[in-house]
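A.B. asks: Okay, here's the structure, questions in a sec.
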Amino acid sequence: MFGWTSRQRNVAIASFLSWTLDAFDFFVLVFLLSDIATAFQVDIKQVTLAILLTLAVRPIGALLFGRAAEKYGRKPVLMVNIALFSFFELCTAAAPSLTVFLILRVIYGIAMGGVWGVASSLAMETIPDRSRGMMSGIFQAGYPFGYLLAAVVYGLLFDVVGWRGMFVIGAVPIFLLPFIWFKVQESPVWLAARERNESTALMPVLKKNWKLCVYLVVLMAGFNFFSHGTQDLYPTFLKVQHGFDAHTVSLIAISYNIASIIGGIFFGSLSEKIGRKKAIIIAALLSLPVIPLWAFSGGSWMLGLGAFLMQFMVQGAWGVVPTYLTELVPANTRAVLPGFVYQLGNLIASVNATLQAYIAESHGHNYGLAMAIVAGTVAILISVLVAFGRDTRGKAIAGAINNQAVNDRAKV
């Protein structure tokens, strides 16, 4: 694969699948909002609190598991992460009430919160520097691929297993652990830092780089509104506002998640040629002319085309994020800081589903209008914020190990 070693390929596969299966477990819920509401005899807006709470507590997981990964290594912490979010996804299937359901989604959210930062740092610190843009797109494509898997499983099995059975299926990520245990090696950057007894306390880094951290949190809030604002309520929009059945909703979701995967890899790879900033801005701005087709057209074919184009742009912009954050933050904080600012942005954006549901209900259950308002606003916001940032294309990370070794030998 791309001239990589077997070590690099295995890390790439494990990181991609970790994020894929994490996303699968999260997105199973978005297909089940109306069914869970019916089961617990509440309205959809109340069930969307599960999405809000899951997103809101993810910074806690990012901080806890990220710091653990800086101390104990990326590999073992990633395995613990996967085991925990799989277990609590399974527990969700047995929730006897909405209250218990919400509590379990909170605990699940903490476990989920650590995966992105730990898995992305393991990948970005292992693969060659020249491939980082492409790997960024591949890694981030795990998110829509997880959504795609959720759509396929929903379309094929929901009528057979019901909403509780869908969460039982969500325990499947546990089977990734043997592959990581036997085939994946630790980050060479982390191993080199441990040999030099390097450590970085988080608080001094935050104080020294507080402006960068604030900028990244605001930027990631925009990005998370961009993704969740165009994804989380779209199945509900298709079912409630347009009356499509589960099969049609599944097919449309499959199509726009295929677009998401292609878009993430395309713009991630493109960022190696034109720079991180330009790739993000182009993708974000190109989403604007798609909004009318995506949110206000009629019929499954037109809405499906709009969703395909929208997610190509949305996840295209997102495809640059893993490498962009990794390159912006100081060394020895890559397992904790990118994931932490990402999840703090998620905390701000955690109100999205409930906010959009409120806007929709206030306008005659017009979910298309609610989604269009959010998507258009944040696309412009992201473009402006990124324009004021700095480009990081070409920054050495994996190659810095060899450079450090040369310098150490020169000192001797």
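The values are calculated or read from the model by the stated rules, or taken from the named source; none is laboratory data. The structure presented is a predicted model; accordingly, all values stated were derived computationally and were not measured. Cβ atoms come from the backbone with ideal geometry, glycine included; neighbour counts cover every protein chain shown. The accessibility values were calculated without ligands, DNA or RNA, using every heavy atom of the protein model including side chains. Shrake-Rupley method; radii C 1.70, N 1.55, O 1.52, S 1.80 Å.
A.B. asks: Of all the residues that make up region 288-312, how many are crowded, with 16+ Cβ neighbours inside 10 Å, more than 15 Å from the chain's Cα centre (by Cα) and within 16 Å of Phe225 (Cβ to Cβ)?
C.D. replies: Result for region 288-312: 4.
A.B. asks: Which of the residues belonging to region 17-31 are open to solvent by less than 10 Å² (accessible area, probe 1.4 Å) and in contact with a Pro (Cβ under 6 Å, 6 or more places away or on another chain)?
C.D. replies: Those that are open to solvent by less than 10 Å² (accessible area, probe 1.4 Å) and in contact with a Pro (Cβ under 6 Å, 6 or more places away or on another chain): Val30, Phe31.
A.B. asks: For region 113-164, what are the residues that are within 18 Å of Asn10 (Cα to Cα), assigned to a helix (DSSP H, G or I) and of a type in the set (Asp, Glu)?
C.D. replies: Answer for region 113-164, where residues must be within 18 Å of Asn10 (Cα to Cα), assigned to a helix (DSSP H, G or I) and of a type in the set (Asp, Glu): just Asp129.
A.B. asks: Does Leu385 count as part of a helix (DSSP H, G or I), within 25 Å of Ser136 (Cβ to Cβ) and modelled with pLDDT of 90 or more?
C.D. replies: In short, yes.
A.B. asks: Taking the options Arg74, Arg67, Arg105, Arg7, name whichever one is within 30 Å of Asn332 (Cα to Cα), of a type in the set (Lys, Arg) and open to solvent by less than 10 Å² (accessible area, probe 1.4 Å).
C.D. replies: Arg74
A.B. asks: Is at least one residue of region 32-48 buried (at least 18 other Cβ atoms within 10 Å of the Cβ) and under 24 Å from Phe340 (Cβ atoms)?
C.D. replies: No, region 32-48 contains no residue that is buried (at least 18 other Cβ atoms within 10 Å of the Cβ) and under 24 Å from Phe340 (Cβ atoms).
A.B. asks: Which ranges mark the helices (runs of 4 or more DSSP H) fully within region 179-277 that have 3 or more residues being open to solvent by 60 Å² or more (accessible area, probe 1.4 Å)?
C.D. replies: Because the criterion is at least 3 residues that are open to solvent by 60 Å² or more (accessible area, probe 1.4 Å), the helices (runs of 4 or more DSSP H) in region 179-277 that meet it are 202-208, 210-231, 246-274.
A.B. asks: Would you say Ala94 is among the hydrophobic types (A, V, I, L, M, F, W, C), more than 21 Å from Phe340 (Cβ to Cβ), open to solvent by 10 Å² or more (accessible area, probe 1.4 Å) and not in a helix (DSSP H, G or I)?
C.D. replies: yes
A.B. asks: Starting from region 170-189, take each residue that is of a type in the set (D, E, K, R) and list its partners that are at pLDDT below 90, counting only C-beta distances under 7 angstrom and pairs at least six apart or across chains.
C.D. replies: Between residues of region 170-189 that are of a type in the set (D, E, K, R) and residues that are at pLDDT below 90, there is no close pair.
A.B. asks: Return yes or no: is Leu104 in contact with a helix residue (DSSP H, G or I) (Cβ under 8 Å, 6 or more places away or on another chain), without any contact (Cβ under 8 Å) to a residue 24 or more places away in the chain and under 25 Å from Ala37 (Cβ atoms)?
C.D. replies: yes
A.B. asks: Against the condition at pLDDT below 90 and in contact with a helix residue (DSSP H, G or I) (Cβ under 9 Å, 6 or more places away or on another chain), how does Ile127 come out, does it pass?
C.D. replies: The answer is yes for Ile127.
A.B. asks: Do you know which of the residues in region 144-162 that are aromatic (Phe, Trp, Tyr) and crowded, with 23+ Cβ neighbours inside 10 Å is modelled with the lowest pLDDT?
C.D. replies: Top of the filtered list is Tyr147.
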